[in-house]
Amino acid sequence: MHDKLPILPLVLGLALFSAPALTHVHAQGAPAPQQEAPKLPSPPLVQQNPENKKQTEPESPQDQGGQLEELYAQLAKAPDPARAGALAKAIEQLWLQTESDTIAVLMARSLKAINEKRMELALRLLDAVVELAPGYAEGWNRRAYIYYLQDRNGSALGDLRRVLALEPKHFRALSGLAQILNDYGQKKNALTAYRELLRIHPHAAGAKEAFEKLSVEVEGQGI
């Protein structure tokens, strides 16, 4: 059985994903999707080596933030999927970076556990990550992925909301959010999430097609 699903009050703008309160309903009361929704993309299995951390990390959080903003700007204007893919991978590498050797080790072990399909172990490791480093967005993102695989979509949405509060342009979290909302028939909210995703990452895999399909469905419902 699905856990309780928060209905996210989506509105236009980046602030839509950081509302302080969520309303809960039973998942079984939500409309069933018309067809099977696409699965959430698995996280990139990039291993971090804490010994090499100082060679690859930005010199400061400010420097990392500057690099991210520059890459986001390029991603939004990428001329084709190949260039967008390269930029997205560079952004994902920056998301993974951490100043803590402990968090780097826990993340590496959790990624290995995910790759080996040892999801309970991965979840325990990611529980430790978010407890030790609640400001580290990628810990919440990876745990949301595990929750989704375990059919715990309410918990997944809660973690995705934390990701987007910390990193509003996290396109993987936006993709997951849109897909879960669409799974539960919250089409207008899913459409808003896809719109934001395409603004940040116009070449995100499957996003344009999903947005166009939902646009027709939402307009047809008179919303």
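Structure notes:
- Filter pass, Asp151 being crowded, with 18+ Cβ neighbours inside 10 Å and either touching a helix residue (DSSP H, G or I) at 6+ places or on another chain (Cβ under 7 Å) or not β-branched (Val, Ile, Thr) (or both): no
- Counted residues, the range 140-163 - those being among the β-branched types (Val, Ile, Thr) and farther than 15 Å from Ala122 by Cα: 1
- Checking each residue of the range 186-198 against the condition of being closer than 26 Å to Leu111 by Cα, buried (at least 20 other Cβ atoms within 10 Å of the Cβ) and either out of contact with any Gly (no Cβ under 7 Å at 6 or more places or on another chain) or modelled with pLDDT of 95 or more (or both) gives at least one match.
- Matching residues, the range 75-119, being part of a loop (DSSP other than H, G, I, E, B) and surrounded by 14 or more Cβ atoms within 10 Å (Cβ to Cβ): Ala78, Gln97, Thr98, Glu99, Ser100, Arg118
- Flag if Met107 is within 28 Å of Gly66 (Cβ to Cβ) and either in contact with a His (Cβ under 7 Å, 6 or more places away or on another chain) or modelled with pLDDT of 95 or more (or both): yes
Here is a yes/no grid of residues against (1) more than 12 Å from the chain's Cα centre (by Cα); (2) within 13 Å of Met107 (Cα to Cα); (3) among the polar types (S, T, N, Q):
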| position | (1), (2), (3) |
| --- | --- |
| Ala137 | no, yes, no |
| Gln150 | yes, no, yes |
| Ser155 | yes, no, yes |
| Phe171 | no, no, no |
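- Residue within the range 169-187 that is of a type in the set (A, V, I, L, M) and touching an Asp or Glu at 6+ places or on another chain (Cβ under 7 Å) present: yes
- Contact map, the range 183-212: residues that are at positive phi paired with residues that are assigned to a loop (DSSP other than H, G, I, E, B) and at pLDDT below 95, Cβ distance under 6 Å, separation 6+ or inter-chain. Pairs shown: Gly185/Ala30; Gly185/Pro31; Gly206/Pro38.
- Matching residues, the range 84-119, being free of Cβ contacts under 8 Å to residues at least 12 places away in the same chain and of a type outside the set (A, V, I, L, M, F, W, C): Glu116, Lys117, Arg118
The values are calculated or read from the model by the stated rules, or taken from the named source; none is laboratory data. Values in this document were obtained by computation on a predicted structure and should not be read as measured data. Don't worry about glycine lacking a Cβ; one is built from the backbone with ideal geometry, like all the others, and counts go over all protein chains shown.
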